[in-house]
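Take a look at the structure set out below.
The values are calculated or read from the model by the stated rules, or taken from the named source; none is laboratory data. Keep in mind that what you see is a predicted model, and the values were worked out from it rather than measured. Glycine also receives a Cβ, built like all others from the backbone with ideal geometry; neighbour counts cover every protein chain displayed.
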Amino acid sequence: MILLAIDVGNTQITLGAFLGKALKRTWRLPTNPRATSKELGTQLVQLLKKASPTAFGGPPSPGRGGGGGEVLGVIIASVVPPIDAALAEACTRYLHCAPFMIGPQTQLGIKNLYKNPREVGADRLVNAVAVDALFGGPAIVVDFGTATTFDCVSSLGDYLGGVIAPGLEIAHDALAARAAKLSRVPFEVPRRVLGKTTKESLQSGLFFGYIALVEGVLQRLMKEMRVRPKIIATGGLSRIIGPRLKPAARVMPTLTLEGLRIVWERSNT
């Protein structure tokens, strides 16, 4: 019985298939706020059909969604409201499973200490749940997505708040759009800071400049928290940037999916 966890971001939709506590498969789809329920439902069914039966621990079963196993449930965290209704309908019609949508009233098992709790993105709260459950606080989650978010969790597991900064891709796009002589360059990890060409200089500025931004914010957050928290890096660029951060970060790209699984388990026990 598969639990399908779906994290809807501004640029990508990340999906994970769980058997029990084990994350067996992950997928990424581009986020299209104008997608219809039929388009989304067809994509979901195709993903589950293409999944190797062995990935789910045994032979395929004729699951209600037509995939490599029967769908136990679907849980969704979304920061793109225009897609929510179509995605919920897609899960109901094509997977025969009404989804659990994370919302302001969802009981997550942690305190949300934001001044206006409704302002916090579902993905940020789910990340806090995952960090508290898997690693314990105090901790800071750095999520490298369309925006880069920093979310702080206390030693008691409370969500304290955080920081939102433009993501590296946004910074790249803005620079290329505003500077007539600076075009987009392929993202590559520079071998040195000192660039000898415009391409190298841009790559160095984007990469090392972004690391400096992240490290600077972390240092200031740690000073305000008055503790030395665990640092958890997640999101699309976490594998590249996370290992180069000081203080050292634990890299866990699937943190949000794990948080969704934990919320599902807490809500169904």
May I ask you to verify whether residue 168 is modelled with pLDDT of 85 or more, within 21 Å of residue 244 (Cα to Cα) and touching a strand residue (DSSP E or B) at 6+ places or on another chain (Cβ under 9 Å)? yes
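From the list 220, 261, which one is among the charged types (D, E, K, R), out of contact with any Pro (no Cβ under 8 Å at 6 or more places or on another chain), within 30 Å of residue 6 (Cβ to Cβ) and part of a helix (DSSP H, G or I)? Please lay out each step first, then the result.
Details: 220 fails: within 30 Å of residue 6 (Cβ to Cβ).
Just one listed residue meets the conditions, 261.
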In contact with a strand residue (DSSP E or B) (Cβ under 7 Å, 6 or more places away or on another chain) and within 25 Å of residue 242 (Cβ to Cβ): which single residue out of 193, 131, 185 fits that description? 131
Out of the range 171-209, which residues are modelled with pLDDT under 80, of a type in the set (A, V, I, L, M, F, W, C) and assigned to a loop (DSSP other than H, G, I, E, B)? 179, 180, 182, 185, 187
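Taking the conditions exactly as written (surrounded by 23 or more Cβ atoms within 10 Å (Cβ to Cβ), in contact with a Lys or Arg (Cβ under 8 Å, 6 or more places away or on another chain) and either under 24 Å from residue 232 (Cα atoms) or at pLDDT 95 or above (or both)), does residue 153 satisfy them or not? Let's see the steps before the verdict.
Working: surrounded by 23 or more Cβ atoms within 10 Å (Cβ to Cβ): yes; in contact with a Lys or Arg (Cβ under 8 Å, 6 or more places away or on another chain): no; either under 24 Å from residue 232 (Cα atoms) or at pLDDT 95 or above (or both): yes.
Considered against the rule, which asks whether it is surrounded by 23 or more Cβ atoms within 10 Å (Cβ to Cβ), in contact with a Lys or Arg (Cβ under 8 Å, 6 or more places away or on another chain) and either under 24 Å from residue 232 (Cα atoms) or at pLDDT 95 or above (or both), residue 153 comes out as no.
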Restricting to the range 100-133, count the residues that are out of contact with any Asp or Glu (no Cβ under 8 Å at 6 or more places or on another chain), of a type outside the set (Gly, Ala, Ser), surrounded by fewer than 21 Cβ atoms within 10 Å (Cβ to Cβ) and part of a loop (DSSP other than H, G, I, E, B). 9
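Being touching a residue at least 60 places away in the same chain (Cβ under 8 Å) and of a type in the set (Asp, Glu) narrows it down to one residue among 200, 169, 188; which is it?
Details: 200 fails: touching a residue at least 60 places away in the same chain (Cβ under 8 Å); 188 fails: touching a residue at least 60 places away in the same chain (Cβ under 8 Å).
Going through 200, 169, 188 in turn, the sole match is 169.
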Looking at 70, 89, 119, which is the one that is within 24 Å of residue 167 (Cβ to Cβ) and not aromatic (Phe, Trp, Tyr)? 119
Being out of contact with any Leu (no Cβ under 7 Å at 6 or more places or on another chain), outside any loop (DSSP other than H, G, I, E, B) and over 22 Å from residue 121 (Cα atoms) is the filter here, so list the residues in the range 88-99 that pass it. 92, 93
Scanning the range 26-45 for residues that are assigned to a loop (DSSP other than H, G, I, E, B) and either crowded, with 16+ Cβ neighbours inside 10 Å or among the charged types (D, E, K, R) (or both) gives 31, 34, 35
Near pairs, Cβ below 6 angstrom, 6+ apart or cross-chain, from the range 75-87 (under 11 Å from residue 121 (Cβ atoms) and in contact (Cβ under 8 Å) with a residue 12 or more places away in the chain) to any residue that is among the aliphatic types (A, V, I, L, M) and in a strand (DSSP E or B): 78/8; 80/8
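Starting from residues that are aliphatic (A, V, I, L, M) and in contact with a helix residue (DSSP H, G or I) (Cβ under 6 Å, 6 or more places away or on another chain), keep the ones in the range 246-259 and report whichever is modelled with the lowest pLDDT. I'd like the intermediate steps shown before the answer.
Filtering the range 246-259 for residues aliphatic (A, V, I, L, M) gives 248-249, 251-252, 255, 257.
Now narrow it down to the ones that are in contact with a helix residue (DSSP H, G or I) (Cβ under 6 Å, 6 or more places away or on another chain): 249, 251, 255.
Values: 249: 94, 251: 97, 255: 97.
The residue in question is 249.
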Does the range 134-142 contain at least one residue that is in a helix (DSSP H, G or I), of a type in the set (Gly, Ala, Ser), closer than 20 Å to residue 221 by Cα and at pLDDT 95 or above? no
Check the range 248-257 and report whether any residue there is among the small types (Gly, Ala, Ser) and out of contact with any Pro (no Cβ under 9 Å at 6 or more places or on another chain). yes
Only one of (1) closer than 21 Å to residue 135 by Cα; (2) assigned to a helix (DSSP H, G or I) is not met by residue 246, so which one is it? (2)
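Run down 80, 163 and say which single residue is among the aliphatic types (A, V, I, L, M), farther than 21 Å from residue 223 by Cα, under 16 Å from the mean Cα position of the chain (by Cα) and surrounded by fewer than 19 Cβ atoms within 10 Å (Cβ to Cβ).
80
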